[in-house]
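Undergrad: Please read through the structure below; I'll follow up with questions.
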Amino acid sequence: MVGAPGAGKGTQAALLAERLGIPHVASGDIFRDHIRRETALGKKVKSYMDQGALVPDDLTVQMIDDRLDKPDAAKGVILDGFPRTRRQAEVLDAMLAKKGGRVTAALYVDVDREKLLRRLSGRWLCTERADHVYHETARPPKKTGVCDIDGAPLYQRDDDKPATIKARMEKQLPPMFEVVDYYTDSGVLHAVDGDQPVDEVTDELMRAIAPPAR
Ligand code: ADP
Ligand code: AMP
């Protein structure tokens, strides 16, 4: 999944992973889990994330390489938030070639920049499961502040504050467009309008991955 912060990658990746029966691997969720557990990696990445900067490629690539070696990844995964730079995309291709796989589809969820601020500043996440994602107006939970699925409290990310959102856009959009170009050139890019109801975006993405037989 490729897209700007707030485009709906996590929301869609969770739905696709469920429909396809494969794991949802979100680089940001894995980093936040390391920060919470105060691991050595968590300590290294925290300041980058707090400033809205990208974590250096070497740390990010190593983390994904380790995740893809876990047995549940053998049948494929939905990668969400990785790759985010051209270098990461190149290393991913090499890494997958070694493991006997490849990038079968790059799904670009396209949303106008003005809409992203509203999406990120209204985002609420489950404290138990990172892929239970809400929005205070567009996808509100049934009970304010509580996850519909497991009843856990919801929280807002520190980097979803306006100043950090601005930094994330400035620092992360230019490399993201390079990733879009990379997958356009390799012929696997599918661009989808992310400014539609969630279910319609999911249906379009499913059609892109597995077009109906003619
Ligand atoms: P990303 O993973 O790309 O940063 P998220 O999936 O976390 O984005 O979505 C950002 C916010 O936008 C969340 O609050 C989510 O509920 C909301 N959202 C996601 N998809 C849509 C959509 N199609 N329409 C409106 N809001 C959406
Ligand atoms: P996300 O949850 O995808 O919005 O990511 C949160 C933060 O984690 C980003 O703002 C980056 O600091 C960091 N991050 C996540 N994925 C990557 C990546 N592929 N490369 C570099 N930094 C990343």
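The values are calculated or read from the model by the stated rules, or taken from the named source; none is laboratory data. Source: prediction; values computed, not measured. Positions of Cβ are generated from backbone atoms using ideal geometry, with glycine treated the same way; all protein chains shown enter the neighbour counts. For accessibility, only protein heavy atoms count, side chains too; no ligands or nucleic acids. Shrake-Rupley method; radii C 1.70, N 1.55, O 1.52, S 1.80 Å.
Undergrad: Mind checking the dipole of the stretch 1-143: about its Cα centre, +1 per Lys or Arg Cβ, -1 per Asp or Glu Cβ, Debye to the nearest 20?
TA: I would put it at about 300 debye.
Undergrad: Testing the spin-label approximation: label points 7 Å from Cα along Cα→Cβ at Ala97 and Ala53. State their distance in nm.
TA: 3.1 nm
Undergrad: Using Cα positions and a limit of under 18 Å, work out the aspartates and glutamates in reach of Lys99, with same-chain residues fewer than 8 apart set aside.
TA: Counting by Cα, and skipping residues close in sequence, Lys99 has these aspartates and glutamates nearby: Asp65, Asp66, Asp69, Asp72, Glu90.
Undergrad: At 1.4 Å probe size, put Met1, Met206 in order of accessible surface, largest to smallest.
TA: My answer, sorted largest first, is Met206, Met1.
Undergrad: How big is the accessible area of Ser186 in square angstrom, nearest 10, if you roll a 1.4 angstrom probe over the protein chains?
TA: Accessible surface of Ser186 is approximately 70 Å².
Undergrad: Subtract the Cα-Cα distance of Ser186 and Ala40 from 0.36 nm times their separation in residues, and report this length gain in nm to one decimal.
TA: Gain in length upon complete extension: 49.0 nm.
Undergrad: Determine, from the Cβ-Cβ distance of Gln62 and Met206 and an R0 of 30 Å, the FRET efficiency 1/(1 + (r/R0)^6), rounded to the nearest 0.05.
TA: 0.45
Undergrad: Per the 1.4 Å probe, what fraction of the accessible area of the stretch 45-110, in percent, lies on carbon and sulfur atoms?
TA: Exposed carbon and sulfur together represent 50 percent of the surface.
Undergrad: Continuing with the same structure: Using the Cα centre of the stretch 120-214 as origin and beta-carbon charges of +1 (Lys, Arg) and -1 (Asp, Glu), tell me which of Val201, Pro153, Tyr183 is placed farthest towards the positive end of the dipole.
TA: So the residue we want is Pro153.
Undergrad: Output the antiparallel fraction of DSSP beta bridges having both residues in the chain, as a percent to the nearest 5.
TA: 40 percent
Undergrad: Per residue of the chain, what 222 nm ellipticity follows from adding -39500 (n - 2.57) for every DSSP H run with n ≥ 4, rounded to the nearest 500?
TA: -16000 deg cm²/dmol, from helical runs alone.
Undergrad: Hey, another quick one. Could you give the distance between the Cα centres of the stretch 1-36 and the stretch 71-105, to the whole Å?
TA: 14 Å
Undergrad: Something else now. Could you tell me the relative contact order of the stretch 1-97? Use alpha-carbon pairs under 8 Å, at least six residues apart, and round to a whole percent.
TA: 40 percent
Undergrad: So which residue, out of Pro174, Pro197, Pro140, gets the largest mean-square fluctuation from a GNM of the chain using Cα contacts under 10 Å as springs?
TA: Pro197
Undergrad: On to the next question. Mind checking which lysines have their Cα closer than 26 Å to the Cα of Lys142? Skip sequence neighbours fewer than 8 apart in that chain.
TA: Those lysines meeting the cut-off are Lys9, Lys115, Lys161.
Undergrad: Averaged per residue, what accessible surface does the chain expose to a 1.4 Å probe, in Å²?
TA: On a per-residue basis, 55 Å².
Undergrad: How much accessible surface does Glu178 have with a 1.4 Å probe, in Å² rounded to 10?
TA: 90 Å²
Undergrad: Work out the FRET efficiency for Glu128 and Gln196 from their Cβ-Cβ distance, taking R0 = 30 Å, and round it to the nearest 0.05.
TA: 0.55
Undergrad: Before anything else, pin down the relative contact order of the chain: Cα pairs under 8 Å, at least 6 apart, normalised by residue count, whole percent.
TA: 30 percent
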